[in-house]
Amino acid sequence: MTWLSIHDPEGPEAAVRATLILAHGAGGNRDQAMLRLLGEELAQRGVRTVRIDLPFRRLRPKGPPSPSGQPADRAAFGETARLLELEGPVLWGGHSYGGRMASMAVAEGPERPDGLLLLSYPLHPPGRPEKARTAHLPDIAVPTVLVHGRRDPFASPEEMAEAAALIAGPTTTVEVAAAHDLAPAKSGAPAKAADAVTAMLDGL
């Protein structure tokens, strides 16, 4: 399948502790640097990462998603899990738009993963805090890790803390010195996110 890439735990007999289905932001695809580097970090910790192109990106190589395509983008997480016949704990997540779609899919159900990873959750459009995307957050009851850049124009650290408090399940927030892209090559975000994910798994 040309729309997914898999990072398996390293070693011929490495056990898979859990599987993360991970999606990209509105302007990218599954090969975004943060997703690739996070997959490598998680593989070292026994977590398989399945990086997917969301349906809107499978339809065209460039351009933003459309509101009419959001239901398909939300459904992609559960569909991927069923397609791969995943066993053991399953996590959903994504960067920016991908994380927003994962979070909405978790809130809507009926399928729900064991945990959620939100990388640079786009809390509101830059400069438009009145357009907060928080209505569904109280319906998220699974453990959630949020990774946020302190210079992210889509949410200040204070705004992200307020949003995290709306989530019904237990939350962990990881802050890094970066903007919306999380500067994965220099901020340490991939390793810090992987550590937070494995800590979340410890609590399941």
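Results, tabulated for the structure shown:
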read-out	value
Segment Asp139-Ala72, length gained on full extension (0.36 nm per residue, minus Cα span)	22.1 nm
The chain: antiparallel DSSP beta bridges as a percent of all, rounded to 5	15 percent
Exposure ranking of Lys186, Lys192 by accessible area [1.4 Å probe, largest first]	Lys186, Lys192
Cut-off 15 Å between beta-carbons: net charge of the residues surrounding Arg133, Lys and Arg +1, Asp and Glu -1	-3
Extension gain from Glu79 to Arg60, taking 0.36 nm per residue of separation minus the Cα-Cα distance	4.9 nm
Amide hydrogen neighbours beyond the local backbone of Gly149, cut-off 5 Å, H modeled	Ser120, Val176
Calculated from backbone phi, Karplus (6.51, -1.76, 1.60) coupling profile of the stretch 75-90 in Hz, x at Gly/Pro	5, 4, 5, x, 5, 5, 4, 5, 4, 8, 6, 6, 10, x, x, 10
Within the accessible area of the chain (1.4 Å probe), percent carbon and sulfur	52 percent
Stokes-Einstein diffusion coefficient of the chain, Kirkwood radius over Cα pairs, 37 °C, 0.692 mPa s, in µm²/s	198 µm²/s
Surface accessible to a 1.4 Å probe, per residue, for the residues of the chain, Å²	44 Å²
Computed label-point distance, nm, for sites Leu204 and Ala33 using a 7 Å Cα→Cβ extension	3.0 nm
Proximal charge balance of Asp202 [Cβ under 12 Å; K/R count +1, D/E count -1]	+1
For Ala26, distant residues with modelled amide H under 5 Å away	Tyr97, Gly98
Selection from Gln32, Phe77, His7, by position along the positive dipole direction of the chain (Cβ)	Gln32
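The values are calculated or read from the model by the stated rules, or taken from the named source; none is laboratory data. Not measured: the values here are computed from a predicted model. Using ideal geometry, Cβ is built from the backbone for each residue, glycine included, and neighbour counts are taken over all protein chains shown. The accessibility values were calculated without ligands, DNA or RNA, using every heavy atom of the protein model including side chains. Shrake-Rupley method; radii C 1.70, N 1.55, O 1.52, S 1.80 Å.
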